[in-house]
Amino acid sequence: MMIDNKTSRSNIDTDISTVTEATKLKIQQGLQQLLNDLQLDDAPAGGALAVYHAGSCIAQASVGMAQQNVPWQATTLALNFSTGKGVLATLAHVLVSQQLLDYDQTIASYWPAFAVNGKAGITLRKLMSHQAGLFAINTIEADIATLLDWDKMVGKVAAMAITKPDNAEAYDSAYSALVYGWILGALIEKVTDMSLAAALRHYLTEPLGIADSYYFGVPAEQVNEVAKLAKDFTVTDINSLPSQPSSKRRKPTLRADSIATLATYQKLASYGCWQSLAMSDKTVLNSSQINAIYFDPSSINASNYKLALFPASKQPIDYYDQQTLQAVMPAVNGVASAQALATIYAMLANGGVWQGKILIDSQTFEQLSMVQQTGMDAVMPAKMNWRLGYHRLFSVCKNSVGNSNNPNSVEQGFGHMGYNGSVAWCEPTRQLSFAFVHNFDVTMLNDIRQFALTEAVLALFDQ
C-alpha cells in the first residue's frame with residue numbers, strides 16, 4: 001500500500017479516539033511502503049520510524065542496513081544530532097514538575113559561576129526559547145579534545161559572554177546549536193546532584209521503559225551497536241580505531257536527483273501541496289525546491305550560522321567517531337532508537353502522562369507547550385516558533401503556522417529535528433507522536449524525507 005493521494009481519512013477510517021487493528025495494519029503497510037520508496041538511491045543506508053497514538057505504538061517501519069550485514073529496526077540506536085535537544089528539554093520539564101527547576105529563576109541562582117560576563121539575569125525560560133544570546137560556539141576557544149571533555153566545556157560555557165547576533169533587530173531568537181546542551185545539561189547536574197546520564201535515566205528514560213535506548217554519551221559496551229554511515233561499514237569495532245578522535249571532514253554527499261527519485265516524489269500525497277506552495281504546477285520539483293518550502297537557504301545569515309554551528313577549532317568533528325559518540329555533547333550527539341524517541345513524545349502527546357504515571361504535571365505542560373516567540377530565527381532560515389526547548393511541527397500542508405482556526409491545523413504540535421534530518425514530534429490534539437532516524441548521508445537542508453514522512457503521518461489523522 002503506497003501512501004499517496006488516494007489514501008485519505010475516509011478510506012482508512014482513522015479516528016482520534018480509537019484506531020482499530022485493521023487500521024493499524026493499513027497504516028503499518030502504508031508507512032513501510034513509503035519508507036521503502038524514500039530509500040531512493042541511497043541503499044544500503046536506511047532508517048526506521050515509529051508512530052504512537054493515544055499511548056500505543058500503531059506503526060513501526062524500517063528499511064536498509066544500519067551497519068554492514070545489520071538490518072535497520074525500530075530499536076536500532078542512531079546518532080540524531082539536535083533531535084536530542086528535545087529530549088534534554090523534556091528532562092528539564094520533568095525537573096520543573098518536581099520543583100527542582102523554575103523557568104523564571106536565573107540559571108545563576110542554581111549555578112553561581114554562571115553569573116559572569118553579563119549572564120546573571122538569564123533565566124531558564126530565555127535559554128530554552130533561544131533568546132539568551134548564548135549561541136556563539138565560535139567564540140569559545142576549544143580544540144576537538146576539549147569539545148569532547150564535559151567538565152572543561154562546562155567551565156567554558158559558564159565563563160562565556162553573551163553575543164549579539166548580526167542584524168539582531170531582524171530576529172526574535174538565535175538558535176543555540178551547540179552551547180545550549182552544555183548549559184542545560186550542567187544545570188540539570190547542579191539541581192539533581194547526579195551526572196547527566198544518571199539524571200536522564202532516573203527521571204525520564206527508566207520511567208518510560210527506554211533506559212537502554214537513549215543516551216547522551218553511549219556506554220562503551222553499546223557503542224558498536226550505533227548505526228554507521230554506509231561509507232564506514234567496513235570499520236567493525238572500536239579496537240580498530242586510532243587513539244585520538246577522528247577529524248575527517250564529514251560533508252554529506254551531494255548529487256542531483258535521479259529520474260527515479262523525481263518520479264517517487266510525484267507519487268507522494270504531499271506533492272500537490274508542494275507544487276501549490278512552490279507555485280509550480282508544471283515543473284517537476286526536485287529535492288532542493290521541496291526542501292526550500294520548509295527552509296529557505298537564501299535567508300540564512302552566514303555570520304550567525306557560522307557563529308552557532310562551527311567551533312573555533314580548525315579541525316572539524318567527526319560525530320560518528322566512536323570516541324565522539326561516547327562523549328557528552330547533549331546538544332548534538334543524542335543517540336536513540338526511533339522507538340525510544342517516539343515513546344518520549346507519546347508521553348508529551350498525552351500531556352505529560354505515561355501509563356498512568358505523571359512525569360510532567362498539567363501546569364508545567366501548559367508552560368512548556370506555549371509558544372515564546374513567532375519571528376524569524378537568527379540562525380535557522382525559518383520561523384521556528386520556539387516553545388521551551390521545542391520548535392514548531394514543520395508541516396506546510398496542514399497550515400501549521402498562524403492557522404489555528406483550521407480544524408486540521410497542527411498548530412499545537414512541537415518537537416525537534418537534527419542536523420541530519422532526523423526528527424521527533426508530538427501533536428497533542430491528535431494524541432500523536434512520530435520519530436524518524438536514519439544513516440543517510442544528508443542534512444536537513446538538502447533532504448526531504450522527514451518532511452514527506454511527517455506530512456504522510458499527519459494526513460492519516462486529519463480531524
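Just a yes or no: is a residue in segment 64-86 farther than 19 Å from residue 340 by Cβ and of a type in the set (A, V, I, L, M)? Yes: one or more hits. Report yes if residue 307 is at pLDDT 95 or above, farther than 19 Å from residue 37 by Cα, of a type outside the set (Phe, Trp, Tyr) and out of contact with any Ser or Thr (no Cβ under 6 Å at 6 or more places or on another chain), otherwise no. Taking the combined requirement at face value, the residue satisfies it.
Considering the conditions (1) surrounded by fewer than 24 Cβ atoms within 10 Å (Cβ to Cβ); (2) over 20 Å from residue 155 (Cα atoms); (3) in contact (Cβ under 8 Å) with a residue 60 or more places away in the chain; (4) out of contact with any strand residue (DSSP E or B) (no Cβ under 9 Å at 6 or more places or on another chain), residue 93 is excluded by exactly one of them, (1). Taking the criterion of being under 15 Å from residue 172 (Cβ atoms) and assigned to a loop (DSSP other than H, G, I, E, B), the residues of segment 107-131 that qualify are 129, 130, 131.
Does residue 173 fit the bill of being without any contact (Cβ under 8 Å) to a residue 12 or more places away in the chain, more than 30 Å from residue 50 (Cα to Cα) and among the polar types (S, T, N, Q)? No: the conditions fail for residue 173. Any residue in segment 200-207 that is closer than 11 Å to residue 87 by Cβ, modelled with pLDDT of 95 or more, in contact with a Gly (Cβ under 8 Å, 6 or more places away or on another chain) and not charged (D, E, K, R)? Among the residues of segment 200-207, not one is closer than 11 Å to residue 87 by Cβ, modelled with pLDDT of 95 or more, in contact with a Gly (Cβ under 8 Å, 6 or more places away or on another chain) and not charged (D, E, K, R), which makes the answer no. When residue 104 is tested against (1) closer than 29 Å to residue 376 by Cβ; (2) part of a helix (DSSP H, G or I), exactly one condition is not met: (2).
Counting just the residues of segment 330-341 that are within 16 Å of residue 72 (Cα to Cα) and among the hydrophobic types (A, V, I, L, M, F, W, C), which one comes out surrounded by the fewest Cβ atoms within 10 Å (Cβ to Cβ)? It comes out as 335.
Okay, residues lined up against (1) surrounded by fewer than 22 Cβ atoms within 10 Å (Cβ to Cβ); (2) assigned to a loop (DSSP other than H, G, I, E, B):
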position	(1), (2)
363	yes, no
366	yes, no
380	no, yes
395	no, yes
425	no, no
429	yes, no
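In the condition set (1) under 25 Å from residue 311 (Cβ atoms); (2) assigned to a loop (DSSP other than H, G, I, E, B); (3) modelled with pLDDT of 90 or more, residue 251 is compliant with all but (3). Here residue 201 meets the list (1) closer than 23 Å to residue 122 by Cβ; (2) under 23 Å from the mean Cα position of the chain (by Cα); (3) without any contact (Cβ under 8 Å) to a residue 60 or more places away in the chain almost entirely, failing just condition (1). Count of segment 206-222 residues, restricted to those that are outside any helix (DSSP H, G or I) and in contact (Cβ under 8 Å) with a residue 40 or more places away in the chain, is 11.
Is it the case that some residue within segment 222-235 is touching a Lys or Arg at 6+ places or on another chain (Cβ under 9 Å) and at pLDDT 95 or above? Spell out how you get there, then give the answer.
Applying the first criterion (touching a Lys or Arg at 6+ places or on another chain (Cβ under 9 Å)) to segment 222-235 yields 229, 235.
In the following step, the residues that additionally are at pLDDT 95 or above were identified as 229.
Checking segment 222-235: at least one residue is touching a Lys or Arg at 6+ places or on another chain (Cβ under 9 Å) and at pLDDT 95 or above.
When the residues of segment 431-442 are filtered to those that are surrounded by fewer than 24 Cβ atoms within 10 Å (Cβ to Cβ) and not aliphatic (A, V, I, L, M), which remaining residue is nearest to residue 408 (Cα to Cα)?
Going through the qualifying residues, I end up with 431.
Any residue that is hydrophobic (A, V, I, L, M, F, W, C), within 20 Å of the chain's Cα centre (by Cα) and in a helix (DSSP H, G or I) - is there at least one of those in segment 309-319? Within segment 309-319 (the criterion being hydrophobic (A, V, I, L, M, F, W, C), within 20 Å of the chain's Cα centre (by Cα) and in a helix (DSSP H, G or I)), the answer is yes, since at least one residue qualifies.
Filtering segment 64-90 to residues that are crowded, with 17+ Cβ neighbours inside 10 Å and part of a loop (DSSP other than H, G, I, E, B) leaves 64, 72, 74, 75, 76, 77, 80, 81, 82. Picking from residues in segment 110-146 that are among the charged types (D, E, K, R) and closer than 26 Å to residue 416 by Cβ, the one that is farthest from the chain's Cα centre (by Cα) is 119.
In segment 206-236, of all residues being among the charged types (D, E, K, R) and farther than 17 Å from residue 67 by Cα, the one that is surrounded by the most Cβ atoms within 10 Å (Cβ to Cβ) corresponds to 212.
Out of the residues in segment 362-399 that are of a type in the set (Ser, Thr, Tyr) and more than 18 Å from the chain's Cα centre (by Cα), which is farthest from residue 304 (Cα to Cα)? Before you say what the answer is, go through the steps one by one.
Residues of segment 362-399 of a type in the set (Ser, Thr, Tyr): 362, 364, 369, 374, 390, 395.
Restricting the remaining residues to those that are more than 18 Å from the chain's Cα centre (by Cα) gives 362, 364, 374.
On the way: 362: 36, 364: 32, 374: 19 Å.
So the residue we want is 362.
Any chance segment 337-356 includes a residue that's within 17 Å of the chain's Cα centre (by Cα), part of a loop (DSSP other than H, G, I, E, B), under 25 Å from residue 437 (Cβ atoms) and among the aliphatic types (A, V, I, L, M)?
Within segment 337-356, the first condition is being within 17 Å of the chain's Cα centre (by Cα), and the residues that meet it are 337-349.
Going one step further and asking which of them are part of a loop (DSSP other than H, G, I, E, B), we end up with 337.
From what is left, the residues that are under 25 Å from residue 437 (Cβ atoms) are 337.
Then drop every residue that is not among the aliphatic types (A, V, I, L, M), which leaves none.
So far as segment 337-356 goes, no, none of its residues is within 17 Å of the chain's Cα centre (by Cα), part of a loop (DSSP other than H, G, I, E, B), under 25 Å from residue 437 (Cβ atoms) and among the aliphatic types (A, V, I, L, M).
The condition of being modelled with pLDDT of 95 or more and under 17 Å from residue 56 (Cβ atoms) holds for residue 349. Test residue 328 against the criterion of being in a loop (DSSP other than H, G, I, E, B) and under 15 Å from the mean Cα position of the chain (by Cα), and give yes or no. It is false that residue 328 is in a loop (DSSP other than H, G, I, E, B) and under 15 Å from the mean Cα position of the chain (by Cα).
The values are calculated or read from the model by the stated rules, or taken from the named source; none is laboratory data. Note that the coordinates shown come from a computational prediction; the quantities given were computed from them, not determined experimentally. Glycine also receives a Cβ, built like all others from the backbone with ideal geometry; neighbour counts cover every protein chain displayed.
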